[in-house]
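Following: one structure in structure tokens, then a few remarks.
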Amino acid sequence: MKSPLLQTPGAVAADAPDQDIAAHYGEPMHEQSELEAGTAFTDRSNRGVFTVTGPDRLKWLHSLLSQHVQDLAPFTPTQALLLSPNGHVEHHMHLVDDGETVWGHVEPGEAPALVEFLDRMRFMLRVEVADVTEQYAVITGPAALPGELAFPDVAGLVTRIVAREALAAPEGLRPAGLWAYEALRIAAHVPRFGLDTDHRTIPHEMGWIEDAVHLNKGCYRGQETVARVHNLGRPPRRLVFLHLDGSVDRLPAQGDPVEIPGGRTIGFVGTAARHHELGPVALALVKRNTPVDVELLAGGVAAAQEVVVSPDTGANVKIELRRQGANRA
């Protein structure tokens, strides 16, 4: 569903998987600084929105997801993962319960598969699951954005779910394209599922243990892997933040190899952007034992790494993520 804001003068569509919303409206850097300052908002209406209703909804989700949601208080946002039986991340979601319905938003195109899986798992419980992406949209901006369903986001911003029919520029705010939001997200060291991850990703590698996993709840799908890494081992890879060579006139592409001197590949590039203050930056997933002080090549672009997930993560080591100004839901 293409956003009506793509009809805004100057709007340029983003690349897949975000082709249904604007990358920018003609002034990418200015939009970014205004978004950070709280005078702009970003249309993220390509994200999937789903609902879970019924009296058993929280208990049921608690049994399936990585997060402790059984006693989730109304209007208290959280994050959760749906894992494979082997502990690989299949979905990353933001959730909030309004007292009658759990609302969630996920990456573009992910809602149908997630809802199909959840629907198969209902059995005799009193729950109903629905993909409501056609009726509701996601926007991100300052706390004054309209709507009750709020999720803390990066750089002091707030993400809200609003009726799609009301999707328009809120009064007093200019539109800022997705490039603006993505630059702030990357600078805050916050990974994006499906772009900064791959099919082998486990929660420890991305730092989601702190935000989206509860380590002291009962069993759930994939819990054995989480417990084994936390208690006995270390994840094979770790998320890093890259400061890219600003003299190069291109950004590495998603999936480009990350190499150490000598040409040995030790990971891949996730998302990259041009930050209005930091210059070109990126997130990457690299082998855990990559020296933290070695300079890297990301898609052929020289890059200095900054630790996000410590090489010591796991084996009961206290996780201290190096997030930059990110509000955790």
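Below are the figures for this structure:
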| item | result |
| --- | --- |
| Estimated 222 nm signal from helices in the chain, with DSSP H stretches of n ≥ 4 weighted -39500 (n - 2.57), rounded to 500 | -4500 deg cm²/dmol |
| Signed unit charges on C-beta, dipole axis of segment 1-43, positive-most listed residue Ser33, Leu5, Pro17 | Leu5 |
| C-alpha center-to-center spacing [segment 119-188, segment 39-58] in angstrom | 6 Å |
| For His214, residues with placed amide H under 5 Å, excluding near neighbours | Gln67, His68 |
| Rounded to 5, the percent of DSSP beta bridges in the chain classed as antiparallel | 95 percent |
| J(HN,Hα) series, segment 154-161, from Karplus relation 6.51 cos²θ - 1.76 cosθ + 1.60, nearest Hz, glycine and proline x | 6, 6, x, 7, 10, 9, 10, 9 |
| Summed side-chain charge close to Pro291 - residues other than Pro291 whose Cβ falls under 15 Å, Lys, Arg +1, Asp, Glu -1 | 0 |
| Dimensionless Rg/Rh of segment 1-143 - Kirkwood Rh, Rg from C-alpha atoms | 1.03 |
| Prolate/oblate/rounded label for segment 48-131 (Cα gyration tensor, a/c 1.5) | rounded |
| Positive minus negative residues near Met1 (Lys, Arg vs Asp, Glu; Cβ under 14 Å) | -2 |
| Signed unit charges on C-beta, dipole axis of segment 249-296, positive-most listed residue Val286, Gly262, His276 | Val286 |
| Rounded percent of accessible protein surface that carbon and sulfur make up, the chain, 1.4 Å probe | 51 percent |
| Per residue convex hull volume, Cα atoms of the chain, in Å³ | 122 Å³ |
| Segment 236-309: C-alpha gyration tensor shape, a/c 1.5 cut-off, then a/b vs b/c | prolate |
| Charge dipole (segment 169-231, unit charges on Cβ, about Cα centre) - positive-most of Gly222, Pro175, His189 | Gly222 |
| Karplus (6.51, -1.76, 1.60) ³J(HN,Hα), θ = phi - 60°, over segment 245-260, in Hz, Gly and Pro reported as x | 4, x, 7, 8, 8, 9, 9, x, 8, 4, x, 4, x, 9, 10, 9 |
| Per-residue HN-Hα couplings for segment 95-105 [Karplus 6.51, -1.76, 1.60; θ = phi - 60°; Hz; x = Gly/Pro] | 10, 8, 10, 9, x, 10, 9, 8, 10, x, 10 |
| Per residue accessible area in Å² of the chain, where ligands, DNA and RNA are left out and the probe is 1.4 Å | 42 Å² |
| Radius 12 Å from Cβ of Leu65, net charge of other residues (Lys, Arg +1; Asp, Glu -1) | +3 |
| The chain, dipole about Cα centre (Lys/Arg Cβ +1, Asp/Glu Cβ -1), debye to the nearest 20 | 980 debye |
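The values are calculated or read from the model by the stated rules, or taken from the named source; none is laboratory data. Since the structure is predicted, the reported quantities are computational estimates derived from the model, not experimental observations. Glycine gets a Cβ as well: all are built from the backbone with ideal geometry, and neighbour counts include every protein chain shown. Side chains are part of the model used for accessible areas, which takes the heavy atoms of the whole protein and leaves out ligands, DNA and RNA. Shrake-Rupley method; radii C 1.70, N 1.55, O 1.52, S 1.80 Å.
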